[in-house]
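Got a structure for you, questions after.
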Amino acid sequence: MAFTEAERAAIFADVEEGGKDEAELKEAIQLIEDELDKGDPSSIQDAFELALSAHPAVILLWLKYLHWLDDSLRIPSQSVEVYERAALVNPMSSEIMQLALIAYERAGESPDRIEDMWEAAKNSIAEPDWGASLFTTYIFLLKRRVVQSGSEDFSIVGEAFEDGCTFLSHSHQFNFPARDIVRDILTTGGSTQPKVAIEAISYERHFGRDMIRCRNMLYQLVNSVTENAFLLFDYFIQFEREEGTLEDLEKALAEFLNEESATEVAVNAMR
């Protein structure tokens, strides 16, 4: 739990070298590490609180404290109180917001309290990657809530998904990773496991909602993915069942049969 060299470098990156702030921050971190070594929970909390009262803008200090609360102290009610303060002090930290959503759910906070945190979390999104991560966290949170309630009405999950699609594709012009992954597979000449490509295309399918682009990428991959290619074909067929027309489905099936025949010929030729 001690501070790593990378964490120290990040903490002191914006602190004037040799100045008063640097000396005080080093002293605060040393106190935290000393108390962590001793292992008394009350003293560890006091050390973190003292450091944060003097240096509230150091996000990594908050994250270190929050991880200790979650992983070591494990008292959800205390974690929630600190998360609430952390979110107020660092409203633009998507990482803190994401952890706060999970902590609120773990502590059994009311849906209204979680929704308030979610609205704050959405306002923290400045980068599309963090936006995708936050929406994914929230969507799965809603799904768990519906399952635990015993309901079969997943409409709130679908609505959150649509909200995420709109937010990421329009507000942040999300640069979907599927395109880079597919391009890499095509340029390396195949021999790549399809699971990575399927996951990436699924990501674009749900957050980008560009079905034509997804379909084109699947056709490109058909002749390039050679390992466990049946996984790609299964996904392709299911994709057309859900997103395409009957003609699209028949075309995908024909592509599968053609590729299967070509593979069989190649196998027979090697016998």
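What follows is calculated from the coordinates using simple rules that are stated; it is not laboratory data. Model, not experiment: these values are computed from the prediction. Positions of Cβ are backbone-derived with ideal geometry, glycine not excepted, and every protein chain shown enters the neighbour counts.
How would you classify segment 1-84 from its alpha-carbon gyration tensor, with a ≥ b ≥ c the square roots of the eigenvalues: rounded for a/c under 1.5, else prolate if a/b is greater than b/c, otherwise oblate? Provide the component values of the computation, followed by the final result.
Details: a/c = 1.94, a/b = 1.65, b/c = 1.17.
Judged from the Cα gyration tensor, segment 1-84 comes out prolate (a/c at least 1.5, a/b above b/c).
Please check which bits of segment 109-129 a label hung off L88 would reach, taking the label as a point 7 Å along Cα-to-C-beta and the cut-off as backbone N under 19 Å.
109-110, 112-124
Here is a follow-up. Please enumerate, by chain and number, the aspartates and glutamates with C-alpha under 19 Å from the C-alpha of K122, excluding those fewer than 8 residues away in the same chain.
E84, E95, E105, E109, D112, E159, E162, D163
Efficiency by 1/(1 + (r/R0)^6): what FRET value for E250 and K143, r their Cβ-Cβ distance, R0 = 30 Å, to the nearest 0.05? It would help to have the intermediate numbers written out before the result.
Values: r = 33 Å, r/R0 = 1.11.
Efficiency for this residue pair is about 0.35.
Starting from the Cα-Cα distance between D116 and S53, subtract it from 0.36 nm times their residue separation and give me the gain in nm to one decimal.
20.2 nm
Additional query: How long are the three semi-axes of the equivalent ellipsoid for segment 1-40, computed from the Cα gyration tensor as the root of 5 times each eigenvalue, in whole Å, largest first? Could you put the intermediate results ahead of the total?
Working: eigenvalues 85, 30, 5 Å².
Gyration-tensor ellipsoid for segment 1-40: 21, 12, 5 Å.
Given Cβ point charges of +1 (Lys, Arg) and -1 (Asp, Glu) and nothing else, what value in debye, to the nearest 20, does the dipole of segment 35-160 about its Cα centre take? Could the numbers behind the result be given before it?
Values: 10 positive and 21 negative charges, 27 e Å.
About 120 debye.
Right, something else. Rounded, prolate or oblate: which fits segment 37-85 when a ≥ b ≥ c are the square roots of the eigenvalues of the alpha-carbon gyration tensor, with rounded for a/c under 1.5 and prolate only if a/b beats b/c? Working shown, then result.
Numbers: a/c = 1.74, a/b = 1.16, b/c = 1.51.
Because a/c hits 1.5 or more and a/b fails to exceed b/c, segment 37-85 counts as oblate.
Follow-up. Find how many whole Å separate the alpha carbon centroid of segment 207-258 from the alpha carbon centroid of segment 102-116.
First find each Cα centre; the distance between them is then 39 Å.
Would you order S169, S110, S72, S124 from fewest to most other beta-carbon atoms within 10 Å of each residue's own beta-carbon?
Working: S169 17, S110 9, S72 12, S124 20.
Lowest to highest Cβ neighbour count: S110, S72, S169, S124.
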